[in-house]
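Data first, discussion second: the structure below is written as structure tokens.
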Amino acid sequence: MTCSTVNPRATAPINSILRSGLLLSVLSAVISVHAEEGAFYNAVQPGGNIIAMPDKLSTAMAAKKVALQPANFIWLESLDLSKGRFTLRPFAVGNSAIGKPITMGGKVYAHGVGSYSRSVLTVDLKGVATQFLATVGIDDSHPYSGSVTFEIWLDGRKVADSGLIESLQPVKVFSVDLTGGHQMLLRVENGGDFSNNDCGNWADAKIVISPGAREKPQTVDAPSLGLEPKAMVGLELEPLPAIAPVDNSSVPAIHGPRITGATPGHPFLYLIPATGAGPLKYSAEDLPAGLKLDEQTGIISGVLEKDGRWVAQLKASGPQGVARRKLVIVGDRHKLALTPPMGWNSWYVWGGDRVTEQKIREAADWMVKQGLAVRGYQYVNIDDGWDCPPGRREKDGHISTGELFQLKTSMKALGDYIHAKGLKFGIYSSPGPTTCGNYEGSYQHELQDARTWAEWGVDFFKSDLCGYLSVDSGSTVEARKKAVTVFREAIDQCGRDMVYTFGGWGDTWEWGREVGLNCWRIAGDINPKWSDVRRVALCQRGTEQQAGPGHWNDPDFLQVGPSWFSQDMPTFLTGNEQLFHMTHWCMSAAPLILSCNLAKLEPFTLALISNDEVIEVDQDPLGIQGRPVTLLGDLEVMSRPLFDGTQAVALFNWGEKPAQIEVRWADLRLAGPHPVRDLWLRKDLGVFDGSFKATVARHGTVMLKVGKPGESEFAP
Ligand code: GLA
């Protein structure tokens, strides 16, 4: 396992391929393999008959020549695919598993069956089948570290195996003799990485049947011949875990951070996140001098006049009641991100070449419309791709937006638009001459750029290292710190508060705090699949002591919701894996940054990202990152002390089977009876003496709050 974010990054090569346009040439390499292999396929014409044999045949295929006389065939997708066994989503008829045309190596296949690994489809051949033909591989829509194997079993014997096929690798072609066979089983496995959701395609898959056959092959429920029973374990649709739906109670409630900070003299902005039937009317007592509250919108703005610490009493009143909550406001330098930043970033959803001003405006709109702003999500961040190509600054060195980032108004107007909703505006650059996506970086323009961003109203700055490696390889810690401090100093001189977060260089967590970073990545880019959530989550272990108010370990964006470089691709995480993911991020006090298409969130995703009690754990004002308290093989208990004297406790099952996990009060340094609440269900489970145990799904979690809340500066 590597937790390094520098050279090589987990996905940097593919990232840079995608961004530099090199993908096309990689794909054409795949296409050429394809064309050669496709020669045989072209011989099989739509319409049902094998009409010719290509000249170029493998020996095995030549031996089959006799069997390839004109014959009928049926497309695999014409069978009843509902009888298959699968772990995440049903087989897709004529499409890849994500429901888009099957595409491999740039070639679109008109026929085929898309499947997530793992799956099994069993076909009763009725003794009439002579051959199975298919082209298999990972769909192009899944270019990030997918890995699968395809197997064909006939009457209890494995007769063909593709071997491991990974994303962007050439397709493989199957031609299997079925003569005399009774039961064929098509199996897609997960390539050994426990990600059961990689998009494997049985493209152009067909069963050739003997001329004059009176019956047709058909699918059956489960194999009676073939796979050993253990190979079928877990091959049933994993239902979405039960979690409480979005809380739409009409009684007002105030959410979000209980503490926020700003530099006196700099613009202050804070939207009181509140829900409940409207119209809500807001008020606040004991606000520090310089701040004012808009009682209709709940937006607190102004400029703090001096250093200090104030406890404001917020109130949201509506027809169905009144909500009250304390908000601690800290006025001082470098008091930003006192709880982990929450918001949205454009990277995984729009990449560098599809992000536009309009999409950023829409993200801000949807943040409000989906009810996320009122749960505490506040940053709307543009990632790479907004600025000009390298070397194309204006004559005076001023940074300009690139042609791809279509700007209809101005960056300042975009910032104003976001701020008018009480939300905050984020931007991205690099200390090097170029960014990771090969746009202009800020090298030797750091202060000039920071001032420009301040004029635009930027509140959040993400710096990324890639391009800096051409300036300095960062072989010493001092050199690495320099790449960070150059922006720290620039931001400090620009007259505006900006949360400062940094990607790159694996050991940043060891020194990020002392050089004034608010967040630093702890691992390479994440992909929306289990092996990645697992990889990155494991990287949190050992970094716990570095996290705290104002400085956080960043495991990268949340991989939920439709996303992935303009494809609206559903996450490859099962429901349980998404729950594990969100829980782990919250237990670890990680930034909660979405990077999906906010316009298209499903109810499960919304419930997952909007649960106030779960978010409360992430945003706890003590800022103590959770730690494993017991680890028994794949079974982990993690706990996190909370401001009110209770503890958040997560039972994580990293394993492949459901398992019972017990948390003992002694391990939490507790004794006697304690109340337990299930945070995902938002339900009190009762009072438990000594311990609590629950059955936890494969790759799943149970998230609890243990103990009775007490008094604190932040509550009630
Ligand atoms: C790196 C980062 C990503 C994103 C891209 C942009 O890969 O880790 O989060 O910012 O660069 O090019």
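Readers should treat all values here as calculations from the given coordinates under stated rules, not as data from a laboratory. The shown structure was predicted, so the numbers you read here are calculated from the model rather than taken from an experiment. Glycine gets a Cβ as well: all are built from the backbone with ideal geometry, and neighbour counts include every protein chain shown.
Going by alpha carbons, how many degrees (0 to 90, nearest 10) lie between the helix axis of 411-420 and the longest principal axis of the chain? Taking Cα atoms only, the helix is inclined about 70 degrees. The value of relative contact order for the stretch 469-545, using C-alpha pairs under 8 Å at least six residues apart, is 22 percent.
Dividing the summed -39500 (n - 2.57) terms of all DSSP H runs of n ≥ 4 by the residue count of the chain sets its mean residue ellipticity at 222 nm at -5500 deg cm²/dmol. Per-residue Cβ neighbour counts within 10 Å put 263, 701 in the sequence 263, 701, beginning with the fewest.
Looking at the square roots a ≥ b ≥ c of the eigenvalues of the Cα gyration tensor of the stretch 342-618, which shape do they give, rounded for a/c under 1.5, prolate if a/b is larger than b/c, or oblate? Oblate is the answer for the stretch 342-618, as a/c is 1.5 or above yet b/c matches or exceeds a/b.
Net charge dipole, the stretch 342-618: roughly 240 debye, given to the nearest 20, about the Cα centre with Cβ charges of +1 for Lys and Arg and -1 for Asp and Glu. Considering only 672, 331, 434, and ranking their Cα positions along the charge dipole of the chain that arises from unit charges at the beta-carbon of Lys, Arg, Asp and Glu, the one farthest toward the positive end is 672.
Between 0 and 90 degrees, the angle of helix 575-587 with respect to the longest Cα principal axis of the chain falls at about 30 degrees.
Axis angle, to the nearest 10 degrees, between helix 446-456 and the longest C-alpha principal axis of the chain: 80 degrees. Each Cα pair of the stretch 600-711 feeds into the Kirkwood radius, which the Stokes-Einstein equation turns, at 25 °C and 0.890 mPa s, into a diffusion coefficient of 169 µm²/s. The C-alpha atoms of the stretch 258-331 occupy a region whose extents along the principal axes are 37, 17, 15 Å, arranged from largest to smallest. Which residue, chosen from 655, 630, 687, occupies the Cα position most advanced towards the positive end of the dipole of the stretch 627-706, where the dipole is computed from +1 (Lys, Arg) and -1 (Asp, Glu) charges on Cβ about the Cα centre? The residue sitting most towards the positive pole is 687.
Once the gyration tensor of the Cα atoms in the stretch 115-180 is diagonalised, the equivalent ellipsoid follows with semi-axes of 25, 12, 10 Å, ordered largest first. Reducing the stretch 179-230 and the stretch 275-322 to their Cα centroids gives an inter-centroid distance of 62 Å. Restricting to Cα pairs below 8 Å that are 6+ residues apart, what does the relative contact order work out to for the stretch 343-382? Please round to a whole percent. After rounding, I find 68 percent. With both bridge residues required to lie in the stretch 418-511, what share of the DSSP beta bridges run antiparallel, to the nearest 5%? DSSP beta bridges in the stretch 418-511 are roughly 10 percent antiparallel. Absence of a disulfide-compatible partner, taken as no other cysteine beta carbon within less than 4.7 angstrom, is noted in the chain for 199, 388, 494, 519, 586, 596.
For the Cα trace of the chain, dividing Rg by the Kirkwood Rh returns an Rg/Rh value of 1.02.
What pairs in 100/172; 412/462; 657/693; 335/462; 172/657; 359/462 have C-alpha atoms more than 23 Å from each other? Beyond 23 Å between Cα atoms: 172/657. Normalising the average separation of contacting C-alpha pairs (under 8 angstrom, six or more residues apart) by the number of residues puts the relative contact order of the chain at 11 percent. Past the 28 Å Cα-Cα mark, which pairs from 126/158; 306/424; 306/326; 421/482; 315/424? Among 126/158; 306/424; 306/326; 421/482; 315/424, the Cα-Cα distance tops 28 Å for 421/482. Centre-to-centre, using Cα atoms only, the stretch 81-107 and the stretch 516-567 are separated by 29 Å. Think of each Lys and Arg Cβ as +1 and each Asp and Glu Cβ as -1; about the Cα centre, that makes the dipole of the stretch 627-706 roughly 140 debye. Assuming charge only on the beta carbon of Lys and Arg (+1) and of Asp and Glu (-1), the dipole of the chain about its Cα centre is about 660 debye to the nearest 20.
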